[in-house]
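I have placed the structure first, in the form of structure tokens, so that the comments after it can refer back to it.
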Amino acid sequence: MDISFEAYQELTLRRPGSQGELPLEWRPVRTAHCLLIGEDRAERARHITSMVAELQHNGWNALYPGSVDDAVADIRVAYDLMVDRYSRLEEQRDSDREPTPVVLAVNDYMDLTGSMELAAIIDCGRSVHVHLILGTDRSLFAEYLPAMRDGFVHTHIDATPGLIGVGR
């Protein structure tokens, strides 16, 4: 399925909520990644699953691992894809100027905070259409992620629904 550049620039994801589906505005070309903040791991998983399904329906490739070990492997896959896309651009051998967007979804960022590959995707993925959906609890968001807030659209799923902040 081809993805129009307009669809890539501005998506409206629907995530489940107590009053039906709640919109989450995400412009991947402006704000690279999506952060879901909530205390209940199962609830975050439900939201992430819904978002990943919608992205897949819109033609995105998606990686959504079920365990920490799988997440480590999928992070490596996304990182290798990002590096390959960069090398193709640098060598001007990529005929696909708008590659299919890829999203890596991880429910518990705290399990993977030491991953250098994940840090590289956070910093550099957007320009080659590699994006993240990260789930976390409030303590990690407040304590460890303030410097990263600009690269993420973020929303609190167990508080007042809706968009809480938008990065760049």
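One table, with the values for the structure above:
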quantity: Subset of the stretch 63-85 (residues that are surrounded by fewer than 18 Cβ atoms within 10 Å (Cβ to Cβ) and farther than 21 Å from G114 by Cβ); calculated: D84
quantity: Some residue of the stretch 121-137 being closer than 23 Å to V72 by Cα and modelled with pLDDT under 70; calculated: no
quantity: Number of the condition not met by P65 [criteria: (1) at pLDDT 85 or above; (2) within 16 Å of H129 (Cα to Cα); (3) in a loop (DSSP other than H, G, I, E, B)]; calculated: (2)
quantity: Verdict on M82 being modelled with pLDDT under 90 and not aromatic (F, W, Y); calculated: no
quantity: Residue in the stretch 92-115 that is farther than 21 Å from G151 by Cβ, part of a loop (DSSP other than H, G, I, E, B) and among the basic types (K, R) present; calculated: yes
quantity: Positions within the stretch 97-139 being surrounded by 14 or more Cβ atoms within 10 Å (Cβ to Cβ), touching a Phe, Trp or Tyr at 6+ places or on another chain (Cβ under 7 Å) and of a type in the set (D, E, K, R), in sequence order; calculated: E117
quantity: Members of the stretch 29-85 that are under 22 Å from T155 (Cα atoms), of a type in the set (V, I, T) and either out of contact with any strand residue (DSSP E or B) (no Cβ under 8 Å at 6 or more places or on another chain) or without any contact (Cβ under 8 Å) to a residue 12 or more places away in the chain (or both); calculated: V29, T49
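The values are calculated or read from the model by the stated rules, or taken from the named source; none is laboratory data. None of these values were measured; they are calculated from a predicted model. Using ideal geometry, Cβ is built from the backbone for each residue, glycine included, and neighbour counts are taken over all protein chains shown.
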